[in-house]
Every structure is written in structure tokens, then in C-alpha cells.
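Okay, structure first, notes after.
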Amino acid sequence: MQAFDYLPAVSVDEAVAALAAGGAGARALGGGTDLIAQIKEGRRSVARIVDLKRIPALAEIKFPPEGGAWIGAAVTCRTLNQHVEFKRRFPGMHDSTHLIGGVQIQGRATIGGNLCNASPAADGIPNLIAHRVRVHVAGPAGARVVPVEAFCVGPGRTVLATGELVVAFEFPASPVRFGAAYLRFTPRNEMDIAVAGAAAAVELDDAGQNFKSVRLALGAVGPTPLLVESAGPRLAGQPVNDASLELAGSLARAVAKPITDMRGTIEQRQHLAGVLTVRALRLALDRARGTRTVDALGRPL
Amino acid sequence: MKSVVEFTLNGEGRAVLCEPRQTLLEILREEIRLTGTKEGCSNGNCGACNVLLDGVLVNSCLILAVEVQGRSIVTVEGLARPDGTLHPLQQAFLDHAALQCGVCTPGFLLSAKALLDEKPNPTETEVRYWLAGNLCRCTGYDKIVRAVLDVARSSAPSTPTR
Ligand SMILES: Cc1cc2nc3c(=O)[nH]c(=O)nc-3n(C[C@H](O)[C@H](O)[C@H](O)COP(=O)(O)OP(=O)(O)OC[C@H]3O[C@@H](n4cnc5c(N)ncnc54)[C@H](O)[C@@H]3O)c2cc1C
Ligand code: FES
Ligand code: FES
């Protein structure tokens, strides 16, 4: 590997200062499962690495009294997989944290790293979008909050300016009769990169018959993970039935702008965007109705 | 610039002079000369380099040695008892012929240990999920899965914990 400086920051201010002083050659380090691999393979050149894992604010998991959750950017997938309270409140997120890599990757991989690496195929991002997560950023010019759907601007590119880092994710309080899910298509069950992915979050009315709100997001079918903006207004108030699910699938297909590469073709990916959206929506509906209470390995959530 | 990194390795304190760009895997094999931990892909895909970091299963090829300052590492060399008695998983891998060339074995052993530490009586689905980050080009996996399940069944209480 190339040579670089290593600075283990212990506070957000220290990390911001170290990143700002390092300029374009400085990179934040979460679990390193993207960054170290990229440096080794010569895909990224760095002069300075600022390790964020020893900053207490980035390791926090909090449940504010008004509901929702506050998850530090350096919290690992594994920590979330094992967090009973987080799983109980946001079972849909588990679909992502338990899919990213294998167990040994999950032990290091952070949610902040998944977002900031900004892969179009990242398995965490569509789910964060469906959950309406707000990204709390710190930087030399102060703090700001970015809606997660506006965070990635291209493959590997984000809104972060030099010196900025992600501190935490704010999950809004989930309403009653809320459910969310993420599904991806891969040739291999585990340890593979999504050919396409879809996340869905729904809120049902009191009777459990109509959509109160719907939020759909897609992965690996565009230069960034995509929010299906039309789904919210088109599906709110609609009855839950085959016709509305099919509408959701067609809205997703219309938003998908995939490319053909070694993993799949445009046609296959567009088709998958529709199929996965309908399936994720069904799973989210089951969860909203409380009829699906196990994870992908059949373990109780 | 080199710095001294202090950590616990298989229960013993260590201090090693490291450059930031050296991985934990490199330090274990080339500085400390514990070569049980293997290098396969060097990019997180094969699991041959698996170690436990504060009890958590990780790929040592994707960790900088400087990151483990103050932490505790267990490698395959830390599994057998000091008198040489093999860990039950090591014995089961031998009994089930769950290895051929053996390059993947240390990694599988650490993954299996991490699983059984967390879940003494896993289902076969869980075993396969936990071993999905380890690649073996020789055995076809089945014997490895049988060996892990065998240890789970013979050491766990009779009631499944799931
Ligand atoms: C074998 C293998 C399998 C994988 N499988 C999957 C998979 O199935 N699905 C998937 O989505 N990904 C997968 N990945 C990719 C990777 O593990 C994930 O994207 C992971 O979440 C990255 O997190 P990290 O903490 O390791 O990030 P790092 O590598 O530490 O960082 C990634 C990028 O984000 C930046 N960064 C990190 N944290 C912050 C922060 N708080 N603020 C600002 N910038 C930050 C870094 O500078 C770097 O550019 C896999 C990787 C490997 C090696
Ligand atoms: S050598 Fe580390 S995962 Fe292959
Ligand atoms: S025994 Fe040869 S790679 Fe597994």
C-alpha cells in the first residue's frame, strides 16, 4: 500500500480540523472495508487517513423521548444487527445491515461508510432513503443537515465538502402501522453486489386497508441510489391491492435508469426494479400489519 | 512515520513498530511471524485472514495495524490450549476431514468460533450464513458445515437456544 499519515481523532472538532488541514488528500476512515481495499487496489490515493472510530459521538445509539433513533455514523452493521431495541423499532433496516458483506465485513462496516462511499449499489442507502433519514454533517463552516436522498450526487461522489464528515443519522419517529423492507437481487445469496435493490416504507390507515404514506427507493439502477418521488403522492390514500402494488412497480420501473454492465443488462435491471419494489412493498405491508416478525434467517425480530 | 502499536495478542501483551500503511495481517505474519493467519485475496472477500478483534470477527487484511492500539486480537494460534490440546473445532475439522490444502482453515475456525461464542447451538442456515464470508477451493464446504454443527451439538445444552 502507498504511504500515508494516520490520525486517530477523539472528537468531531479534531477530525474536522485534521480533514480540513489535509485537504483533498485526506480521507475519513470508518471500518475501512471500502477505503482500505480501494487504496490497496490503487483506485484511490490518500495522503492522510483520519480514523473516526474513537470519537464517542460517532459511536452513539440513542432513542430520543419523542421517538425515532439517532445512530452515530461509525456504528457498525454488526452492532445494529445485535441491537435489540433498534431491531424492534426499525426491523426494515436489518434487511440491509445483515446483507452487507459477510459477518466479518459487518463487524467493521459502518453505516456512515456505506453512505459516504456512495456506491450506486450500496445496500444501506435505499433503506435510509425509505426511512426518511436526515444526515447530520459537521465541517469547518459548522454543522448542517442533509436529507439522505440528496446526499449522493454521482458514483462515489457526495455533497460533502473538504473537511466535512457525517456525524450521525437521525431516524424520524415511525408512526403506528409503519413497516419497511429492503430486498436486492444477486446471483449469490451472500457476499455479492446488488444487480438491483429496492426499499419500501409504508404507513397504513387505522383500518389497515389504505396507504397513508409510501416511500420507495432503488439501488443499482442509476448513478446514485434513487428516491421514487412519484410514489408518495400517487399511492397515498389508495387502497392496498394488486392494482396499487402494480402501480408502485411501474412507477419504480419508470424511475430506474440503469446501465448494462457485467452484473446485468438495462432490461433485466428495469424489470428487477419493478419486481423487487412490489416484493419489498409486500414485506413492508406485512410488517406494518405485524404479520411478519422474523428476519431473513427465520429468527424472531 | 513509524509508531509503536501496543495490543494484546492471544492473551499476551505486544508492542510492534508499525507504519500506518501496514495491515494487521502483514504485521502478524511478517513482523510477529505468526503465520497461521493466511493471506488469500487481500481485499475482504475470502476470509483466510480472519481474526477476532475484541471478540468481533474481522478481516485482518482490511485493518491497519495502527488501528488496533490498545485492542485485543485472537488468531488461530490462540485456539489450542497451552498444553497443545486442540480446540474442539480444530479437532472436529480433523475428524470430519474438513480441510484439504488447509489455507482457508484458520479463517473458517475463527468464523466458527465467533459464531459458537455468540450462539452455542446454531441452525444449519445460521452456520452457512456465518461461513459465507470464507471461501474454500478444495472441500466443497459440506464437511466444514458438518464439523461446526457437530461441535455445536456435542457441547451445547440439549434444548436448542433459538
Ligand atoms: C467482501 C466485501 C463485501 C461487501 N459487501 C457489501 C454488500 O453486500 N453491500 C454493500 O452495500 N456494501 C458491501 N461492501 C462494501 C462496504 O463493506 C460497505 O460499503 C461498508 O458499509 C463501508 O463502510 P466502512 O465503514 O468500511 O467504510 P470505509 O471504507 O471506512 O469508508 C468508505 C468511504 O466513506 C468515507 N467515510 C466513512 N465514514 C465517513 C464519515 N462518517 N464521514 C465522512 N466520510 C466517511 C471514507 O472516507 C471512504 O471514502 C463490501 C465490501 C467488501 C470488502
Ligand atoms: S485475505 Fe483478507 S479476506 Fe481474503
Ligand atoms: S482446504 Fe484448500 S482452500 Fe479450503
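Scan region A:157-177 for residues that are in a strand (DSSP E or B) and open to solvent by 50 Å² or more (accessible area, probe 1.4 Å) and report the count.
Matching residues across region A:157-177 total 2.
Among the residues of region A:54-76, how many are farther than 25 Å from residue A:33 by Cα and among the acidic types (Asp, Glu)?
Residues flagged as farther than 25 Å from residue A:33 by Cα and among the acidic types (Asp, Glu) within region A:54-76 amount to 1.
Search region B:53-68 for residues being facing another protein chain (nearest Cβ under 7 Å) and assigned to a helix (DSSP H, G or I), and hand back the single one that is farthest from residue B:132 (Cα to Cα).
Once the filter is applied, the top-ranked residue is B:66.
Check every one of the helices (runs of 4 or more DSSP H) wholly within region A:77-117 and list those with 3 or more residues that are away from ligand 2 (no atom under 16 Å from the Cβ).
A:77-82, A:84-89, A:91-97, A:111-117
So which helices (runs of 4 or more DSSP H) stay within region A:185-301 end to end and still have 3 or more residues that are of a type in the set (Asp, Glu)?
none
State which residue is farthest from the other protein chains (Cβ to nearest Cβ) when the search covers only region A:40-73 and only residues that are open to solvent by 10 Å² or more (accessible area, probe 1.4 Å) and assigned to a helix (DSSP H, G or I).
A:57
Going through region A:132-156 one residue at a time, which ones are open to solvent by 40 Å² or more (accessible area, probe 1.4 Å) and under 17 Å from residue A:170 (Cβ atoms)?
A:132, A:134, A:143, A:144, A:145, A:147, A:149, A:150
Which ones in region B:122-139 are away from ligand 1 (no atom under 14 Å from the Cβ), open to solvent by less than 40 Å² (accessible area, probe 1.4 Å) and not hydrophobic (A, V, I, L, M, F, W, C)?
Listed by number, the residues that qualify are B:122, B:126, B:139.
Output the residue which, of all residues in region B:10-27 that are farther than 23 Å from residue B:110 by Cα and among the charged types (D, E, K, R), is least open to solvent (accessible area, probe 1.4 Å).
So, considering only residues that are farther than 23 Å from residue B:110 by Cα and among the charged types (D, E, K, R), the one least open to solvent (accessible area, probe 1.4 Å) is B:19.
For residue B:36, state whether it is surrounded by fewer than 19 Cβ atoms within 10 Å (Cβ to Cβ) and under 15 Å from the mean Cα position of the chain (by Cα).
Taking the combined requirement at face value, the residue satisfies it.
Residues in region B:77-96: is at least one within 14 Å of chain A (Cβ to nearest Cβ), open to solvent by 10 Å² or more (accessible area, probe 1.4 Å) and assigned to a loop (DSSP other than H, G, I, E, B)?
Checking region B:77-96: not a single residue is within 14 Å of chain A (Cβ to nearest Cβ), open to solvent by 10 Å² or more (accessible area, probe 1.4 Å) and assigned to a loop (DSSP other than H, G, I, E, B).
The values are calculated or read from the model by the stated rules, or taken from the named source; none is laboratory data. A quick note: this is a predicted structure, and the numbers were derived from the prediction, not measured. All Cβ positions, even for glycine, are placed from backbone atoms using ideal geometry, and neighbour counts span all protein chains on display. Heads up: the accessible areas ignore ligands, DNA and RNA and are worked out on the full protein's heavy atoms, side chains in. Shrake-Rupley method; radii C 1.70, N 1.55, O 1.52, S 1.80 Å.
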